[in-house]
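What follows is calculated from the coordinates using simple rules that are stated; it is not laboratory data. Every value quoted in this text rests on a predicted model; they were computed, and no experiment measured them. So basically every Cβ, Gly included, is an ideal-geometry build from the backbone, and we count neighbours across all protein chains shown.
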């Protein structure tokens, strides 16, 4: 399952991130988005979703949300 299928307000644990872009992987790592970390979807929007990782909230697009497996 990935973030596009996640229920709003439920905390999930990130299992894997499937991207072919090392720069994007590094960016996600700086946000605290990596395997084993909890993530919560705050809301789904037309072009993506708002997620809570650690103490921050981030707006990510659907393509990136689909790459984050929970």
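Out of all the residues in the stretch 43-54, is one or more at positive phi, loosely packed, with under 14 Cβ neighbours inside 10 Å and under 12 Å from the mean Cα position of the chain (by Cα)? The answer is yes; a qualifying residue exists. Criterion applied to 23, 11 was being exposed (fewer than 10 other Cβ atoms within 10 Å of the Cβ) and either more than 12 Å from residue 68 (Cα to Cα) or touching a helix residue (DSSP H, G or I) at 6+ places or on another chain (Cβ under 6 Å) (or both), and the one residue passing it is 23. Selection of the stretch 20-56 for residues being out of contact with any strand residue (DSSP E or B) (no Cβ under 9 Å at 6 or more places or on another chain) and touching a residue at least 12 places away in the same chain (Cβ under 8 Å) yields only 56.
Select from the stretch 1-19 the residues that are outside any loop (DSSP other than H, G, I, E, B) and in contact (Cβ under 8 Å) with a residue 24 or more places away in the chain and list them in ascending order. 2, 3, 4, 11, 12, 13, 16, 17 - these are the residues of the stretch 1-19 that are outside any loop (DSSP other than H, G, I, E, B) and in contact (Cβ under 8 Å) with a residue 24 or more places away in the chain.
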